[in-house]
Every structure is written in C-alpha cells, then in structure tokens.
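Undergrad: Questions regarding the structure given below will be posed in turn.
Computed from the coordinates by the stated procedures, all read-outs in this text should not be read as laboratory data. All figures in this text were calculated on a predicted structure; none of them were measured in a lab. Using ideal geometry, Cβ is built from the backbone for each residue, glycine included, and neighbour counts are taken over all protein chains shown.
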Amino acid sequence: MQHQPKDVDKKCCKNTLSSLTGLSSAELILILCCAVDASDKRLLPATFRALQTDLSATPSVLGRLSLFQSMAHSLALPVWGYLTAYYTPRDLLVAGCLIWGVATAGLALTYNIHTHCILRAINGVGLCGVLPISQAMLIEIVPEDQRGMAFGRLQAFSTLAAMVTNWYAVSIQRKTFAVVGLQVHGWQVVHMQVAVASLMLAALVRHYMPAPEGGRRGSTANGQGFSFSEAAATLGKILRIPSFAPRDQFTSQSSFV
C-alpha cells in the first residue's frame, strides 16, 4: 500500500507520454537516449574553434581528444558485451548514461587539456554502450512487424538531434554568458546541457523502463558463468563452416534433368 502512489504516478506519466507522442514510453525513452547520444558525439567537432582558443591547444592536440575518445570507444565495446551476461540491459543503459553524463559535465568545468583527454576517454567508454544496448532493448519491446518503422524513427530523431546540436554548438561556442556572477563560455554551456540531459535520461530509464527477463545478474541465460573456452570453441565451430559449397557439388545440385 505504501508504494501504490508511486506506481500510480509512473502509470500516469507513461500514459501522458504515450498520448502526446503516439509512442510507448519505453520506445520514446530509448529514442531519446540515442538522440542525446548522437548529440554528444557532435560536441567535440562543433566546438573545436572555441576549445583551441580557451585551452590554448593546437589542432593536433585537439585531434588527440578525438583519438582518445575513439580508442576508448573501440576498446570498451567488448567489455559492454561481456557485462550483458551478468547485468540486465536496463542497468547497463543507466550506467552508460551516468558515465557519459558525468564525463561531459567534467569537460564543461575544466580548462586543462590533459584532464580533457582523460574525460574524453571516459566519455567514449560510456557512449559506446548506449546505442547497441538501446537498439537491443528496442527489438525486445517492439513487435516484429513494426521494427522497421521503429528503427526509422530512431535514426530520424538521432540525425535531427545531431544536426540541431551541431548548429547550436557552433552558434554559441565563442560567446560568453553571465551565470551567478561568473563568465561562462558557450562551449561550456552546451556541454553542461547535454550532461544534464544524459543524467535525466538515466533517471527515466531506471524508473520507467521495464526490466527484461533475460540477462540475470551474476549468471548467463543458462545459469552458468561466462566461459571464454566455451566461447572460443563456439567461434571455432563457426569459422570451420565453409562459406560456399564446392563447385562440383553446386553444379550437380543446380543442374536440370
């Protein structure tokens, strides 16, 4: 009985979101996650000029920021895949939003180029798990005959968000704003806005996304721990499968009598 008001509030919020957008609340939240993810990826190239001035960095040094983020992004992808055997996709999506949100907020608060490099790498770790996990969850909640339309909406919103963010960041990156008596640069404002959006999405995912039945914590789907040897054996079996049938076999099977 004590939790009934919270449940009622959640249902009311879900019904409101569904009525306003025509989409389920879960699908809308996943689309927003991918849209903000696309926006965050546009922040660095859109604010290069302002960062070059305020951080006293050369273009080659700024290029390292993108390099560190891309390297961390690539190296962390297998780790996120490994964690799916032990945690639910909802928990991993929350973690990804939190990591990228905190890192982006840190980028808005520092002028040290070395700190920027570290935070960009952390940002890449958080960002790399958001898109694949969101797409996997979207497949689970959308019926098979509607998945094409759902992924089309996801891509459309992501592209639109990236375009708007790019235009907005370029427009205000070199401006200054007075915030609580402090002079804040435009590129800092954009980074902080995206950070707040990602942290809000983490809260939305945690409270309004249904927890899938798969991906039980601490075990894989068959109840056993993850085994690298078993995974290697499975990969070996897949690699031994011939891509094409022998030519003589194909000819004999395709000939007409």
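Undergrad: 7 Å from Cα along Cα→Cβ at both Thr110 and Ala156: what's the point-to-point distance in nm?
TA: It works out to 4.0 nm between the two label points.
Undergrad: What size of dipole, in debye to the nearest 20, comes out for the stretch 4-208 about its Cα centre when the only charges are +1 on Lys and Arg C-beta atoms and -1 on Asp and Glu C-beta atoms? Before the final figure, lay out each step's value.
TA: Working: 15 positive and 10 negative charges, 84 e Å.
Around 400 debye, computed over the stretch 4-208.
Undergrad: Ranking request for peptides 45-53, 135-143: highest mean number of other beta-carbon atoms within 10 Å first, then the rest in descending order.
TA: Numbers: 45-53: 17.7, 135-143: 15.7.
Ranked from most to least packed, the peptides come out as 45-53, 135-143.
Undergrad: Using a 7 Å offset from the Cα along the Cα-to-Cβ direction at both Ser60 and Val79, what is the distance between the two label points in nm, to one decimal?
TA: Each label point lies 7 Å from its Cα, and together they span 2.9 nm.
Undergrad: Oh, and also: For the stretch 4-208, place one equal point scatterer on every Cα, skip the solvent, and apply the Debye formula. What is log10 of I(q)/I(0) at q = 0.11, 0.16 Å⁻¹?
TA: -0.55, -1.06
Undergrad: With the crude spin-label approximation of a point 7 Å out along Cα→Cβ, what separation in nm comes out for Ser70 versus Arg49?
TA: 2.3
Undergrad: So, by mean Cβ neighbours within 10 angstrom, what's the order for 68-75, 27-34 with the highest one leading?
TA: Details: 68-75: 16.5, 27-34: 22.5.
Answer by packing, highest mean first, reads 27-34, 68-75.
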